[in-house]
Amino acid sequence: MTQSYVIIGDGISGSSAAETLREKDPDAEITVVTDEGEPLYNRILIKEFAKGKLPEAPISIHDESWYEDRDITLSLNTHVTHIDPEAHVVHTHEGDDLGYDKLLIATGGTPTQLPVENSDAEGIHHFWTFQDARKIEEDASNAEKGVAVGAGLLGIDLAAICGAQDVAGKYLMRGNRWWRYALSLDGAEIIHDGLREKGVEPVFDSGVDYFETDDSGRVTAAIDPNGERFETDFVGIAIGLNFNTEYLRGSGIEQDEGVVVDEYMQTNVDDIYAAGDLTRFYDTILGEYAQNGSWGSAKEQGKVAGVNMAADAESEAFRWVSSYSITHFDFPFLSFGHPTIGDEYVERKYSDTEWRRIAIKDGKVVGGVLIGDLAPQTRLKKLMREETSVEGQTDVLLEEEIDLDQLAVSQ
Ligand SMILES: Cc1cc2nc3c(=O)[nH]c(=O)nc-3n(C[C@H](O)[C@H](O)[C@H](O)COP(=O)(O)OP(=O)(O)OC[C@H]3O[C@@H](n4cnc5c(N)ncnc54)[C@H](O)[C@@H]3O)c2cc1C
């Protein structure tokens, strides 16, 4: 019998599931629904577009013919408003009903709005879509002064956009350093110096109390909790992500700060799977539920969901060590796994641009951050993937070249 699959979301997780489903089930009916106006593009690269460094074309991954060639129905500009798991039906804002045998939820998130006065003023941007990047590029290229808010992996993209567009940037952050959950001051200082070299000044123990605007409603300044006033023509905010799950209300699908799935990407509701940023998935490496917001992980989850949806059984489990790199500076940066969930951390600074920190939990590597020299990533990820015990051996992890044999001998 011909199966019909509906995928909500055409980001990398949804698109990778569609591709897998077509490979595994050549006769199936496959529909991909997205509320964006364009098919899959490379979300990682939109910051390079906003910097003014890349034209539009290389950012697109699929054009509409990609779907036609695979006999996949693509519904652009279509917002799913709710789903009915009993009836196996998806409802859209246009009043259409899409029946499914198997459904994939792959709707990612929307940036959290900064809950302060005037945060919706002209010139203030939150960053997630290509459309956002186009507006940011336009504003930043006309700005002399800029403000970036949010000391995490997306906030630093906004700060780097200021630098690349020759905008004198102030990067406002809480606490005394960038990404304080994953980096000590030693590591963060390398990033701070990198920012300054790009013309962006980190401002610590700061944030935004409110924004000032001119008569036309355009932002003119950010006022921080200390009363400091930062004049600006442009603001970029990245303080977190709210998962797009409103349409799941009343569906019975379990959520716990994300859609809960097992290692097969199956939710608690029959025939409904989920993949990508919005999942809280069972991580077979950690042996517990975890979350991850990265491109490679979302792509793999989409593939695993597609395999299991087509197999109609638990066929392939998700097992993945993620990585997330930053390429804004003269030195490389990479975080892998879950760098903030350790019960123990070891770290070392090797030079002004080289630093390493490894997160360890229950005697095993669970993540880390590498700055300057990324060569150890392969061995560290292998240790994590293979759940190797490093108990009492953590010094080995900080050697310039990690000797896996030395760890193996002492097992
Ligand atoms: C600026 C930026 C830089 C990044 N840089 C990196 C990086 O360097 N490395 C890295 O690993 N990761 C990076 N990421 C994160 C990475 O892009 C995400 O982890 C990944 O794209 C998540 O994919 P996804 O398929 O889960 O969700 P998304 O890509 O968010 O796709 C979800 C799709 O569902 C649509 N949708 C939502 N609700 C509905 C609805 N109700 N009806 C219909 N459609 C809906 C959305 O519009 C969206 O198109 C970056 C993200 C951004 C924004």
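Beta carbons closer than 9 Å, at least 6 apart along the sequence or on distinct chains, pair a first residue in the stretch 80-94 that is closer than 18 Å to Gly108 by Cβ and in the same structural domain as Thr31 (by TED's automatic domain parsing) with a second that is at pLDDT 95 or above and more than 15 Å from the ligand (Cβ to nearest atom) for Val90/Gly99.
Within the stretch 51-59, not a single residue is more than 14 Å from the ligand (Cβ to nearest atom) and buried (at least 19 other Cβ atoms within 10 Å of the Cβ). Residues in the stretch 73-128 that are within 30 Å of Val208 (Cα to Cα), of a type in the set (Ser, Thr, Tyr) and either surrounded by fewer than 18 Cβ atoms within 10 Å (Cβ to Cβ) or more than 9 Å from the ligand (Cβ to nearest atom) (or both): Thr110, Thr112, Ser119. Screening Tyr289 on (1) farther than 30 Å from Asp25 by Cβ; (2) in contact with a Lys or Arg (Cβ under 6 Å, 6 or more places away or on another chain); (3) assigned to a strand (DSSP E or B); (4) not hydrophobic (A, V, I, L, M, F, W, C) shows it passes everything except condition (1). In the condition set (1) more than 14 Å from the ligand (Cβ to nearest atom); (2) in a strand (DSSP E or B), Asp27 is compliant with all but (2). A single entry from Glu257, Glu263, Glu288 fulfils the requirement of being outside the structural domain of Leu172 (by TED's automatic domain parsing), within 23 Å of Gly150 (Cα to Cα), open to solvent by 20 Å² or more (accessible area, probe 1.4 Å) and of a type in the set (D, E, K, R): Glu257. The lone criterion from (1) in contact with a helix residue (DSSP H, G or I) (Cβ under 8 Å, 6 or more places away or on another chain); (2) within 14 Å of the ligand (Cβ to nearest atom); (3) hydroxyl-bearing (Ser, Thr, Tyr) left unmet by Tyr264 is number (2).
In the stretch 158-179, of all residues being part of a loop (DSSP other than H, G, I, E, B) and closer than 15 Å to Ile190 by Cα, the one that is least open to solvent (accessible area, probe 1.4 Å) corresponds to Trp178. Of all residues in the stretch 267-285, those satisfying the criterion of being of a type in the set (A, V, I, L, M) and touching a Gly at 6+ places or on another chain (Cβ under 9 Å) are Val269, Ala274, Ala275, Leu278, Ile285. Within the stretch 218-251, restricting attention to residues that are within 28 Å of the chain's Cα centre (by Cα) and β-branched (Val, Ile, Thr), the residue that is nearest to Ala168 (Cα to Cα) is Thr232.
Note on the stretch 171-214: residues that are in contact with a strand residue (DSSP E or B) (Cβ under 7 Å, 6 or more places away or on another chain), touching a residue at least 24 places away in the same chain (Cβ under 8 Å) and not β-branched (Val, Ile, Thr) total 19. Do we have any residue at all in the stretch 327-350 that's more than 29 Å from Asp262 (Cβ to Cβ) and polar (S, T, N, Q)? Yes, the stretch 327-350 has at least one match. Reported count of residues in the stretch 270-292, each being in contact (Cβ under 8 Å) with a residue 60 or more places away in the chain and within 11 Å of the ligand (Cβ to nearest atom), is 5. Filtering Glu56, Glu36 for residues that are assigned by TED's automatic domain parsing to the domain that holds Asp71 and under 24 Å from Glu94 (Cα atoms) leaves a single hit, Glu36. Which residues, counting only those in the stretch 293-337, are within 12 Å of the ligand (Cβ to nearest atom), outside any helix (DSSP H, G or I) and open to solvent by less than 20 Å² (accessible area, probe 1.4 Å)? Across the stretch 293-337, the qualifying residues are Ser294, Ser322, Ile326, His328, Phe333, Leu334, Ser335, Phe336. Ala238 meets the conditions (1) in contact with a helix residue (DSSP H, G or I) (Cβ under 8 Å, 6 or more places away or on another chain); (2) of a type in the set (Gly, Ala, Ser); (3) more than 23 Å from Pro339 (Cβ to Cβ) in every case but one. The failed one is (3).
Screening the candidates Ile44, Ile7 for the property of being in contact (Cβ under 8 Å) with a residue 60 or more places away in the chain, within 15 Å of the ligand (Cβ to nearest atom) and buried (at least 17 other Cβ atoms within 10 Å of the Cβ) yields one hit, Ile7.
The values are calculated or read from the model by the stated rules, or taken from the named source; none is laboratory data. The shown structure was predicted, so the numbers you read here are calculated from the model rather than taken from an experiment. Glycine also receives a Cβ, built like all others from the backbone with ideal geometry; neighbour counts cover every protein chain displayed. These area figures cover heavy atoms from the full protein model, side chains too; ligands, DNA and RNA do not enter into them. Shrake-Rupley method; radii C 1.70, N 1.55, O 1.52, S 1.80 Å.
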